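Notes follow once the structure below has been shown.
The values are calculated or read from the model by the stated rules, or taken from the named source; none is laboratory data. All figures in this text were calculated on a predicted structure; none of them were measured in a lab. Because the Cβ atoms are built from the backbone with ideal geometry, glycine has one as well, and the counts that use them run over all protein chains shown.
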Amino acid sequence: MNAGILGTGHSYPEGILTNADLEKIVETSDDWITTRTGIKQRRKAAPGEYTSQFAVRASQEAIERAGIDAGDIDLILCATVTPDQILPSTACLIQAQLGAHKAAAMDIVAACSGFVYGVTIANPMIRAGQIKYALVIGAELLTRYVDYTDRATCVLFGDGAGAAVLGPVEDGRGILAARIRSDGRYEEQLFAPGGGTKGGFTAETIARGDHFFKMKGNEVFKVAVRSMSDISKQVLCEAGLKTEDVNLFIPHQANQRITEAVANMLKVDPALVYSNIAQTGNTSSASIPICLDECVESGRVKKDDVILMASFGGGFTWGGVVMRW
Ligand code: ACO
């Protein structure tokens, strides 16, 4: 018995922050942002909205499409670096709102790779028969941790949530190979030092903006392209597949130029590469499940299609999953 995705869902805040809006906040231009990142707008949650609200909406959609009840779910994994609160986990808060009382629930902190991490962790548990249904969520309100005086980062990030219900599927279908990796030596390439036991959480650290994301964009760019390409090749090889077998490539939506560079290294036909970054910005762990659900909704995914997903994020973390729909 294999594990596969039985249903997907996604949810965005209604608020939209366009490049024109950002031109009024920092010294930037629509032309610079579009050329360097591919982003035209991003979603932004309103004050008072919080991460689990979007995660719950995405999850309800995924559960309904999977044709199961919330009470059937055995495991909830919520990938997020922007939790509702420090304790309990956002996954537990989602569990309560869904009424998924049978489930074990926990968060995964793997930045933009969190959803791929969740799928990779749930996969062997389902295959082994230890659990039947897992709900894997990527949910972020990144705009809460963006420094709107730092033009190098504030143009990139957006808010949203995506979810997938995983369960048993027939042999030869579902997840064919999945791999995750990390390298903590790259901590300071992409990080938010405030708010924890090391950096502290005081009026001083807040005033300094220690809780905001900080990034060395050029370094992230180079390692992201290499890591996503390498892990994609690895999972395809483990599944006994070649790039030519891929019907749909969903990379993490970090930057359109990263997506194009990875697709180019892998020699994937650009027509098979999904991108929504122009409308959403980088939603970190939410980006891949949102893309997947958009592809399902639009009919772009068909039975038997081979789907390759690749992610890269702060840590650094990265991962790849290949599956047959
Ligand atoms: N508007 C106008 N100018 C800008 C802006 C902006 N928003 N941001 C930076 N610049 C300026 C810089 O100050 C610099 O000016 P200078 O030459 O006078 O010093 C110039 O543009 C070039 O800056 P670079 O950082 O070299 O620009 P680059 O082409 O590398 O683009 C970017 C920056 C978009 C951040 C790019 O490096 C990138 O996308 N990196 C990947 C990081 C990423 O996607 N992170 C997302 C989170 S991690 C993840 O999801 C994997």
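Being on the phi < 0 side of the Ramachandran plot and away from the ligand (no atom under 12 Å from the Cβ) is the filter here; which residues of region 156-169 pass it? Scanning region 156-169 gives Asp159, Ala161, Gly162, Ala163, Ala164, Val165, Leu166, Gly167, Pro168, Val169. In region 138-155, the qualifying residues are those that are within 11 Å of the ligand (Cβ to nearest atom) and either closer than 30 Å to Ala122 by Cα or not assigned by TED's automatic domain parsing to the domain that holds His10 (or both), and the one that is surrounded by the most Cβ atoms within 10 Å (Cβ to Cβ) is Glu140.
Restricting attention to region 166-184, does a residue exist that is over 12 Å from the mean Cα position of the chain (by Cα) and under 20 Å from Phe212 (Cα atoms)? Among the residues of region 166-184, at least one is over 12 Å from the mean Cα position of the chain (by Cα) and under 20 Å from Phe212 (Cα atoms), which makes the answer yes. Restricting Ile68, Ile94, Ile76 to residues that are at pLDDT 95 or above and over 17 Å from Phe54 (Cβ atoms) narrows the list to Ile68.
Scoring Gly172 on the criteria (1) of a type outside the set (Val, Ile, Thr); (2) more than 28 Å from Gln95 (Cα to Cα); (3) within 15 Å of the ligand (Cβ to nearest atom) leaves a single failure, condition (3).
Applying the criterion of being in contact with a Ser or Thr (Cβ under 9 Å, 6 or more places away or on another chain) and either on the phi < 0 side of the Ramachandran plot or in contact (Cβ under 8 Å) with a residue 40 or more places away in the chain (or both) to the residues of region 185-196, the residue that is surrounded by the fewest Cβ atoms within 10 Å (Cβ to Cβ) is Pro193. Does region 105-129 hold any residues that are without any contact (Cβ under 8 Å) to a residue 40 or more places away in the chain and more than 21 Å from the chain's Cα centre (by Cα), and which are they? Result: Ala128, single match.
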